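Below is one structure, written out as structure tokens, with a few remarks after it.
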Amino acid sequence: VRIKGDYRYELGELSSTLNYMAQEIVRSNQVKDDFISSISHELRTPLTSIKGWSETLNVGGYDPEETKLGMQIITKETDRLIGLVEELLDFAKLQQNEMKLVMSSVNLKELLQEIILNLWAKAEQKGVKILLESEEKPVIHGDANRLKQIFLNIVDNAVKFSHENGVITLSFTMEEKFVTVTVRDQGIGISEEHLRRVKDRFFQVNPLNGGTGLGLAITQQLVELHHGSMEMESVLGEGTSVMVRLPLPEGEPPGA
Ligand code: ADP
């Protein structure tokens with residue numbers, strides 16, 4: 001084989017491509033290893049608590065207040081486990097293209113009001129206010145439960161990463177064929193480098209915050225199943241905005 005001129009260039013290019021691919025494989029294995037260790041931790045924490053409290057209650061002899069507290073913790077931790085398993089199942093379904101939507105007319109304003117109520121106690125603990133700013137009442141065609149999951153995840157992140165007494169605003173922007181829901185927080189923000197990766201599956205800026213890093217990856221795919229798109233803007237130390245753009249049903253005036 002004569003190796004000269006262009007060939008040498010091609011070989012050089014091939015070797016750097018292979019090098020790059022090898023690095024990517026190492027990186028993706030690292031991401032999977034991190035995921036397995038974070039999911040194991042997420043599973044073990046509630047299980048340890050459930051086991052501890054059920055053994056304690058089994059011994060008996062506690063007053064009704066202590067017994068009630070133990071039962072409440074067991075229920076809360078079991079809910080956490082169910083949520084985690086559901087998230088993993090949703091992720092697997094989306095990966096295999098098996099997520100089916102149950103379509104109906106969905107009033108987005110009512111849906112966001114419901115989400116504010118769901119997260120009220122959690123926000124209240126940090127003194128965080130969640131405000132719904134628009135007068136619009138957009139109605140879209142979509143899967144009510146999945147749309148709720150989309151906005152619950154985004155607003156839940158906004159609460160989680162808000163500072164004490166922060167304000168989160170939810171608003172609609174109407175266009176002829178689309179509505180954009182914006183969720184803006186004044187929280188810790190995300191650096192430019194991390195912002196590029198937050199929608200990747202398994203990615204977390206700080207794995208010590210808990211969670212699986214699947215939330216936004218699932219959210220993005222659910223938005224796309226609704227023929228919409230999701231964008232994020234953020235300034236580190238100032239806050240984050242998440243914009244979800246969804247199609248309005250054909251032939252209906254915006255805000256109807
Ligand atoms: P998880 O399911 O673990 O919460 P997500 O996919 O929802 O993960 O989010 C990925 C990462 O993006 C989070 O771990 C966090 O670092 C960052 N993030 C998401 N939303 C916000 C936000 N509103 N403000 C700051 N960081 C955020």
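The values are calculated or read from the model by the stated rules, or taken from the named source; none is laboratory data. Predicted model, so just to flag it, every value in this text is computed and none were measured. Reconstructed Cβ throughout: ideal geometry from the backbone, glycine too, with neighbour counts over all protein chains shown. When the accessible area is computed, the model is the full protein with side chains, heavy atoms only, and any ligands, DNA or RNA have been set aside. Shrake-Rupley method; radii C 1.70, N 1.55, O 1.52, S 1.80 Å.
Please go through the range 46-73 and pick out each residue that is over 19 Å from residue 210 (Cα atoms) and open to solvent by less than 80 Å² (accessible area, probe 1.4 Å).
Those that are over 19 Å from residue 210 (Cα atoms) and open to solvent by less than 80 Å² (accessible area, probe 1.4 Å): 52, 53, 54, 56, 57, 60, 63, 67, 70.
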Q: Could you tell me which of the residues 209, 165 is away from the ligand (no atom under 13 Å from the Cβ) and not hydrophobic (A, V, I, L, M, F, W, C)?
A: 165
Q: Examine the range 47-69 for a residue that is within 29 Å of residue 130 (Cα to Cα), of a type in the set (Val, Ile, Thr) and assigned to a helix (DSSP H, G or I), and state whether such a residue exists.
A: no
Q.
For residue 24, only one of the following conditions fails: (1) more than 18 Å from the chain's Cα centre (by Cα); (2) assigned to a helix (DSSP H, G or I); (3) closer than 29 Å to residue 130 by Cβ. What is its number?
A. (3)
Q | Members of the range 117-139 that are charged (D, E, K, R) and either out of contact with any strand residue (DSSP E or B) (no Cβ under 7 Å at 6 or more places or on another chain) or assigned to a strand (DSSP E or B) (or both) | A | 122, 124, 126, 129, 135
Q | Hits in the range 1-34 - residues which are of a type in the set (Ser, Thr, Tyr) and either modelled with pLDDT under 80 or open to solvent by 80 Å² or more (accessible area, probe 1.4 Å) (or both) | A | 7, 9, 20, 28
Q: Pick out, from the range 143-256, the helices (runs of 4 or more DSSP H) lying fully within it that include 3 or more residues that are open to solvent by less than 30 Å² (accessible area, probe 1.4 Å) and touching a Ser or Thr at 6+ places or on another chain (Cβ under 8 Å).
A: 144-160
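In this structure, does residue 234 turn out to be in contact with an Asp or Glu (Cβ under 7 Å, 6 or more places away or on another chain) and either at pLDDT 90 or above or more than 8 Å from the ligand (Cβ to nearest atom) (or both)?
Spelling it out, it is not the case that residue 234 is in contact with an Asp or Glu (Cβ under 7 Å, 6 or more places away or on another chain) and either at pLDDT 90 or above or more than 8 Å from the ligand (Cβ to nearest atom) (or both).
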**Q.** Count - residues of the range 84-109 that are in a helix (DSSP H, G or I) and touching a residue at least 24 places away in the same chain (Cβ under 8 Å)
**A.** 8
Q | Test: residue 137 is open to solvent by 80 Å² or more (accessible area, probe 1.4 Å), of a type outside the set (Phe, Trp, Tyr) and touching a Lys or Arg at 6+ places or on another chain (Cβ under 7 Å) | A | yes
Q. Quick check: is even one residue across the range 138-156 under 16 Å from residue 114 (Cα atoms), touching a Leu at 6+ places or on another chain (Cβ under 6 Å) and among the polar types (S, T, N, Q)?
A. no
